[in-house]
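Take a look at the structure below.
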């Protein structure tokens with residue numbers, strides 16, 4: 001008869017057991033999401049779609065329409081206000097306690113709070129003894145580990161803390177990693193045209209200007225190097241009067257020559273990249289967002305990085321354009337980070353395939 005034996009307390013999650021001391025069996029990993037805005041609500045949805053994760057609940061600061069919609073979806077709500085749940089009670093929104101209560105019932109918390117708040121939350125997570133993931137708005141130093149599923153999944157296996165890099169950094173890593181693996185990369189120079197704000201952030205725009213990044217080169221290249229330290233990359237950026245997506249113009253000096261067909265073939269093996277063509281009517285970010293809505297994606301999201309087939313190739317010198325949906329491209333990365341950190345899948349390809357299948361990622365045009 002096979003007996004279940006509780007694992008030692010230093011293993012990744014509270015819900016791990018062994019068969020006869022040598023075969024690992026994982027139970028559902030208990031996940032909490034702190035912050036339920038642009039990224040948080042998408043991650044909560046993605047986690048709820050996984051068969052090896054349980055969304056214990058989400059923490060919010062205010063009982064707004066997002067809280068009421070979360071409740072209607074069946075998500076348990078916790079107040080991120082440590083002083084209590086009074087504001088939610090007065091608004092008639094049922095809550096299950098405060099953030100402290102949520103942290104006592106999860107194996108890992110995904111922090112999706114505004115930039116700078118996540119750092120202030122770290123002592124709460126340390127006190128609760130749970131693992132934690134932050135988003136790209138926080139500095140690399142908050143965890144010492146910046147994450148991208150394609151590039152460094154293995155480094156996050158069993159880690160206590162990690163930071164999923166920003167939407168722009170994720171976009172760059174997604175398309176550069178396959179090029180590095182297939183052809184090698186000598187150098188990268190990228191020019192980013194950034195959206196001014198997310199669609200719902202009316203207090204930030206629209207702006208009637210093109211605003212220069214105050215730092216040259218911009219921080220995005222350095223952020224890429226937190227994941228691939230050896231990559232020779234420099235970036236510059238401007239902020240534009242749009243809320244839809246970011247656009248990157250990327251110039252790469254490859255380690256070896258390649259044709260456009262070979263480059264597209266290298267990218268084709270990665271489901272989180274989709275090659276599109278202006279000849280098909282996809283000549284703008286508006287067209288890409290219209291396509292995503294027509295596909296019936298939740299919230300009209302485009303998880304994939306869209307690369308235009310109309311690239312310039314001259315031997316080992318490549319220029320290409322890509323579009324990044326800033327609201328959603330980091331979502332599958334967070335799911336994979338949970339799986340790696342909680343040691344429920346050691347193989348990056350298997351985790352990525354599982355995440356992509358659950359979210360319908362893998363568009364091919």
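Structure above, values below:
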read-out: Where a residue in the stretch 266-286 is under 19 Å from residue 359 (Cβ atoms) and in the same structural domain as residue 185 (by TED's automatic domain parsing) and its partner, wherever it lies, is surrounded by 12 or more Cβ atoms within 10 Å (Cβ to Cβ) and at pLDDT below 95, with Cβ under 6 Å and at least six apart; value: 271/362; 274/363
read-out: Test: residue 227 is surrounded by 21 or more Cβ atoms within 10 Å (Cβ to Cβ) and in a loop (DSSP other than H, G, I, E, B); value: yes
read-out: Residues of the stretch 309-327 that turn out to be over 22 Å from the mean Cα position of the chain (by Cα) and not in a loop (DSSP other than H, G, I, E, B), as a count; value: 7
read-out: Looking only at the stretch 267-294, and only at residues there that are out of contact with any helix residue (DSSP H, G or I) (no Cβ under 9 Å at 6 or more places or on another chain) and part of a loop (DSSP other than H, G, I, E, B), the one that is surrounded by the fewest Cβ atoms within 10 Å (Cβ to Cβ); value: 277
read-out: Number of the exception - residue 274 against (1) modelled with pLDDT under 95; (2) within 20 Å of the chain's Cα centre (by Cα); value: (1)
read-out: Positions within the stretch 131-177 being touching a residue at least 40 places away in the same chain (Cβ under 8 Å), part of a loop (DSSP other than H, G, I, E, B) and closer than 23 Å to residue 105 by Cβ, in sequence order; value: 135, 158, 159, 160
read-out: Residue pairs meeting the criteria (Cβ under 9 Å; at least 6 apart or on separate chains; first on the phi > 0 side of the Ramachandran plot, in the stretch 26-39; second modelled with pLDDT of 95 or more and part of a strand (DSSP E or B)); value: 35/58; 35/59; 35/60; 35/110; 35/111
read-out: In the stretch 307-365, the residues that are out of contact with any helix residue (DSSP H, G or I) (no Cβ under 6 Å at 6 or more places or on another chain) and at positive phi; value: 315, 343, 360
read-out: Residue in the stretch 295-310 that is loosely packed, with under 15 Cβ neighbours inside 10 Å, modelled with pLDDT of 95 or more and more than 30 Å from residue 202 (Cα to Cα) present; value: yes
read-out: Test result for residue 187, at pLDDT 95 or above and more than 17 Å from the chain's Cα centre (by Cα); value: yes
read-out: Members of the stretch 235-264 that are surrounded by fewer than 15 Cβ atoms within 10 Å (Cβ to Cβ), free of Cβ contacts under 8 Å to residues at least 60 places away in the same chain and assigned to a strand (DSSP E or B); value: 238
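The values are calculated or read from the model by the stated rules, or taken from the named source; none is laboratory data. Treat the numbers as computed from the prediction; the structure is a model and nothing was measured. As a convention, Cβ positions derive from the backbone with ideal geometry for all residues, glycine included, and neighbour counts pool all protein chains shown.
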